[in-house]
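The values are calculated or read from the model by the stated rules, or taken from the named source; none is laboratory data. No experiment lies behind these values; they were computed from the predicted model shown. Here the Cβ positions follow ideal geometry from the backbone for every residue, glycine too, while neighbour counts run over all protein chains shown.
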Ligand SMILES: [Zn+2]
Ligand SMILES: [Zn+2]
């Protein structure tokens, strides 16, 4: 566990990708196969199945420390991470013993069938047997969320160096539903066995946001332009008459979308389609929020299937006739895909339409229509491009539309969590209506650290009232708020609700009186409102 | 009940009987200053009273022409019947808890303090009182400091590792207090130690005040780049990320602050090494200081004041939070740059 905890610490102290790869490579070369497998699992967001709930975990730690529950919760709201808070309030271990990562995972798994009291006793003994960094990892195993700014691609690169295997091959082998309980390091990564899991998806190829102007990309004819849909990027797989649907987050979501089941029969075996899963009714996309709501449901009733029907907009064809097409140029893959979609002839599987324009300038014009189409802009794909794995620059780009913006006045401020626990970073923003300020959005600040410090000082010196952690401040500062969507709302005093509001910049050049009004906001609603 | 000896006004903490303010944030006639950090010692007051060791730094920061009187620790003076004395706070050189006694009331205003002896600053001395005004910068039970020796050992190891990689080590620290504390504790046999001008000025001022320190070199344009290889540089946080650091390339940065205890805050300030070391008391230190004071009335200022005062009330103290303009240990280390 010591090495793994150290890896964790070291990863946080560097921003260099090369150094991170090196840290992983070193870790892999030092640790046992079982530890390697678990490390890979944890950095692929897999962890041992729930051992203990967070209430019980809190009770254990409060029992050891004697802390008042409210005091613990206050601390948690400042630290922002449960495992870290628990670790920080615990006293140093009285008898640290060195054990491996997999030892502690097996230990946790062994407590799963125990009665609550016995489980708590065993876990609190374990907490007293680890150094602080190790204990943090141990707690994280129970609470989840190993976020350290490390992509799976990076881990696979290191693993590839260590095993001397192409990372793309490893990426494919590590897709899908494996778990360290059901496989071994060797089986998962080193078998060249072709009889791999039939439902296994390919690693997704992800695009970066376009930097600079599209003109720099050269001739428009070399590019395939599609709308950028706002849904769930998915892979639809049919092999040997069985259908599997995977989300980009490597989650198997077949059961959540029974409407695709008929495709298992109408699509040829050995087909893998990359597309966007969208809620579409009568040929028109519905707001993404409805799809999220549907996924959150435990039971799929007839009603919800009828209200929020899903379909796939096909982007790309990765496998056809059982053959991996990823090296074939996009234009050819697209041709086969077109034929396939026509042949299947189903309303729930449609080709993502290509957008055609004379030149970049004309395309730029067309982009203005994104919002009314419920799209977020364009995807630009080089016609000659292979289907790569992971996020890569060069061949695919996202060309997103600018968000809507409104200049608004800060009326409340609240301290942030975790990263920003020492600064006021969450603001409630208001617009003018008949001489009054009406709050319409709560936004997390996208300001620089320097600006944040400055705003925090303003808040401290201009507080009018305090309600718990929230401070009412003198309405003086104006911020440009950006958001992705706008809707009518009866729950908000302003009558509108905006989607993904965030602070774009501080309008130091504007006085509070010069901020936008509710009328401006409502104009946006009539222009772009989501029905 | 008699009227309280001190009151909390919009200019600062005020003693009407003696007509003096303690650490006022607006210009007043007479200011008693706990220590020379910029949020406690502000410009514009007519007369200042502070501890001896604050003298030169105060003049550096507030101007040579200020009307400043200084006293030693435990050396009472009397103003209109109020007995006033300064007592070590262990925060930074010259930092004091200010004690004011009149009739049955004894108040102690702690300013900023820490309980650990850092081997450089005169250590904290508990002072009994009836009313204790305490800070609460790190007033949450997640803040538990490790002993200084352990932290410094970590810094020495980091420095050695950087040196082995041919890198310069850059440390961000407050210009008054933290910087000198680190300079004193470091293992200077590892390599030369350089300082930024802001820190150099404070070092010189402390030197004029008779405070002995280990030697360091001021970073100047004349120094050849090679001289920094394997060296350690101490600078205020604001100097990092500017072109000033270019001459040290390649380098590694470490932040030294109590806030480094929280991963999120550490991450926000870049993916640098963080060392948890503070000149403020941790949770246990704050609780200990309150107990030592034996005061029934506790006033909690800057920091997690609502949490700490609520906790004290639940333990039976008569505790209140007080709004001030003191800023605690700012994560940006800006007060260090105003020299
Ligand atoms: Zn201070
Ligand atoms: Zn302070």
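Brief remarks on what is shown
- Taking (1) in contact (Cβ under 8 Å) with a residue 40 or more places away in the chain; (2) over 30 Å from residue A:57 (Cα atoms); (3) crowded, with 17+ Cβ neighbours inside 10 Å in turn, residue A:160 satisfies each apart from (1).
- Among residues of the stretch B:275-293, those that are within 16 Å of ligand 2 (Cβ to nearest atom) and more than 17 Å from residue B:316 (Cβ to Cβ), counted: 6
- For the residues A:305, A:330, the requirement of being surrounded by 15 or more Cβ atoms within 10 Å (Cβ to Cβ), closer than 20 Å to residue A:234 by Cα and in contact (Cβ under 8 Å) with a residue 12 or more places away in the chain singles out A:330.
Condition check ((1) more than 11 Å from chain A (Cβ to nearest Cβ); (2) buried (at least 23 other Cβ atoms within 10 Å of the Cβ); (3) free of Cβ contacts under 8 Å to residues at least 40 places away in the same chain) across all residues:
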| site | (1), (2), (3) |
| --- | --- |
| B:248 | yes, no, no |
| B:251 | yes, no, no |
| B:265 | no, yes, no |
| B:270 | no, no, yes |
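- Within the stretch B:12-41, being away from ligand 2 (no atom under 16 Å from the Cβ) and closer than 24 Å to residue B:320 by Cα holds for B:14, B:15, B:16, B:17, B:18, B:19, B:20, B:26.
- Candidates B:171, B:183 - the one that is under 28 Å from residue B:221 (Cβ atoms) and not in a helix (DSSP H, G or I): B:171
- When residue B:210 is tested against (1) more than 16 Å from ligand 2 (Cβ to nearest atom); (2) in a loop (DSSP other than H, G, I, E, B); (3) under 23 Å from the mean Cα position of the chain (by Cα); (4) closer than 25 Å to residue B:258 by Cβ, just one condition goes unmet, and that condition is (4).
- From the list B:124, B:143, B:120, B:132, the lone residue that is under 22 Å from residue B:52 (Cβ atoms) and away from ligand 1 (no atom under 14 Å from the Cβ) is B:120.
- Residues that are within 14 Å of another protein chain (Cβ to nearest Cβ) and under 18 Å from the mean Cα position of the chain (by Cα) were ranked within the stretch B:3-45; the one that is nearest to ligand 1 (Cβ to nearest atom) is B:39.
- Being part of a loop (DSSP other than H, G, I, E, B) and within 14 Å of another protein chain (Cβ to nearest Cβ) is a property that does not hold for residue A:77.
- Single unsatisfied condition, residue B:100 versus (1) surrounded by fewer than 24 Cβ atoms within 10 Å (Cβ to Cβ); (2) more than 16 Å from ligand 1 (Cβ to nearest atom): (1)
- Only helices (runs of 4 or more DSSP H) whose full extent lies in the stretch A:84-186 are considered here, and the ones with at least 1 residues that are within 18 Å of residue A:42 (Cα to Cα) and assigned by TED's automatic domain parsing to the domain that holds residue A:12 are A:101-111, A:132-143.
For (1) touching a strand residue (DSSP E or B) at 6+ places or on another chain (Cβ under 6 Å); (2) at pLDDT 85 or above; (3) within 23 Å of residue A:171 (Cβ to Cβ), each residue gets a yes or a no:
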residue	(1), (2), (3)
A:236	yes, yes, yes
A:247	yes, yes, yes
A:277	yes, yes, yes
A:290	yes, no, no
A:296	no, no, no
A:302	no, yes, no
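- Filtering A:59, A:68 for residues that are more than 14 Å from chain B (Cβ to nearest Cβ), at pLDDT 95 or above and surrounded by 15 or more Cβ atoms within 10 Å (Cβ to Cβ) leaves a single hit, A:59.
Conditions (1) part of a strand (DSSP E or B); (2) outside the structural domain of residue B:128 (by TED's automatic domain parsing); (3) within 15 Å of ligand 2 (Cβ to nearest atom), marked per residue:
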| residue | (1), (2), (3) |
| --- | --- |
| B:10 | no, no, no |
| B:43 | no, no, no |
| B:49 | yes, no, no |
| B:53 | no, no, no |
| B:58 | no, no, no |
| B:83 | yes, no, no |
| B:94 | no, no, yes |
| B:112 | no, no, yes |
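- For residue B:127, the requirement of being buried (at least 21 other Cβ atoms within 10 Å of the Cβ), over 16 Å from the mean Cα position of the chain (by Cα) and assigned to a loop (DSSP other than H, G, I, E, B) is met.
- Members of the stretch B:276-310 that are under 14 Å from residue B:116 (Cβ atoms), within 16 Å of ligand 1 (Cβ to nearest atom) and in a helix (DSSP H, G or I): B:285, B:286, B:289
- For residue B:90, the stated conditions hold: it is within 16 Å of ligand 1 (Cβ to nearest atom), more than 14 Å from chain A (Cβ to nearest Cβ) and modelled with pLDDT of 95 or more.
- Failed item, numbered, when residue B:285 is tested on (1) more than 14 Å from chain A (Cβ to nearest Cβ); (2) surrounded by fewer than 24 Cβ atoms within 10 Å (Cβ to Cβ); (3) closer than 22 Å to residue B:39 by Cβ; (4) touching a strand residue (DSSP E or B) at 6+ places or on another chain (Cβ under 6 Å): (4)
- Look at (1) buried (at least 18 other Cβ atoms within 10 Å of the Cβ); (2) under 19 Å from the mean Cα position of the chain (by Cα) and you find that residue B:73 fails only one, number (1).
- When residues of the stretch B:253-263 are limited to those that are under 20 Å from the mean Cα position of the chain (by Cα) and closer than 19 Å to residue B:175 by Cα, the one nearest to the other protein chains (Cβ to nearest Cβ): B:259
- Selected residue (only one of A:86, A:42 is under 30 Å from residue A:249 (Cβ atoms), modelled with pLDDT under 95 and crowded, with 16+ Cβ neighbours inside 10 Å): A:42
- Flag for residue A:146 being within 23 Å of residue A:11 (Cβ to Cβ) and in contact (Cβ under 8 Å) with a residue 12 or more places away in the chain: yes
- When each of B:206, B:218, B:277 is tested for being closer than 23 Å to residue B:162 by Cα, more than 10 Å from every other protein chain (Cβ to nearest Cβ), at pLDDT 90 or above and surrounded by 21 or more Cβ atoms within 10 Å (Cβ to Cβ), the lone residue that passes is B:277.
- Under the condition of being more than 23 Å from the chain's Cα centre (by Cα) and not in a strand (DSSP E or B), the residues counted in the stretch A:279-336 number 26.
- Residues satisfying the stated conditions in the stretch A:381-403, i.e. in a strand (DSSP E or B) and within 22 Å of the chain's Cα centre (by Cα): A:390, A:391, A:396, A:397, A:398, A:399, A:400
- Counted residues, the stretch B:143-166 - those being modelled with pLDDT of 95 or more, assigned to a loop (DSSP other than H, G, I, E, B) and more than 20 Å from the chain's Cα centre (by Cα): 0
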